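Asker: Here it is, the structure, as structure tokens.
The values are calculated or read from the model by the stated rules, or taken from the named source; none is laboratory data. Predicted model only: the values in this text are computed from it and were never measured. Cβ: placed from backbone, ideal geometry, glycine included. Neighbour counts: every protein chain shown.
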Amino acid sequence: MKVEKYNRELKMSLNKEWKKLFLKRLLRFAVSIVKLANELPKTPAGFAISSQVIKAGTSVGANVEEAQDASSSRDFVQKLSISLREAREIHYWLEVIKMAELLPSNNVKDEQAECSEIIAILTSSVRSSKLKFK
């Protein structure tokens, strides 16, 4: 019985640490997206895309942060789902930036890779949360 309790507590502790690390990762991603948006050309397209990129890129972490204080399990899943949608949106805009050659591909590559990993993590989190709270 004591071993089971220890294992549960250890799992909860690791889960809390993982959440902290993921939230820090999302914050770093948001900052890199803001910096990338500031590099976009000062043209009508650059301004429009910059606005979209900043909104979506900063919203991912903000919604995961908000999910930590969700009022219910359903609210938690909804906030994670919003984060996932925003991550997919930013991935789209990064591809537009690359294809429209608004920035050199090398300037976008790291953010695209990080965004893909964030999408994978959020997809898994949403799926497992839906199963857990059914």
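Asker: Could you list, in sequence order, the residues of the stretch 52-93 that are in contact with a helix residue (DSSP H, G or I) (Cβ under 8 Å, 6 or more places away or on another chain) and among the polar types (S, T, N, Q)?
Answerer: Within the stretch 52-93, Q52, T58, S59, N63, Q68, S73, S81, S83 qualify.
Results for (1) more than 25 Å from E101 (Cα to Cα); (2) in contact with a Pro (Cβ under 9 Å, 6 or more places away or on another chain); (3) of a type in the set (F, W, Y), shown as yes or no for each residue.
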site: L23; (1), (2), (3): yes, no, no
site: R28; (1), (2), (3): no, no, no
site: V31; (1), (2), (3): no, no, no
site: T58; (1), (2), (3): no, no, no
site: F76; (1), (2), (3): yes, no, yes
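Asker: Could you check K130 against (1) at pLDDT below 90; (2) surrounded by fewer than 13 Cβ atoms within 10 Å (Cβ to Cβ); (3) not small (G, A, S) and say which number it fails?
Answerer: In the conditions (1) at pLDDT below 90; (2) surrounded by fewer than 13 Cβ atoms within 10 Å (Cβ to Cβ); (3) not small (G, A, S), K130 misses (2) alone.
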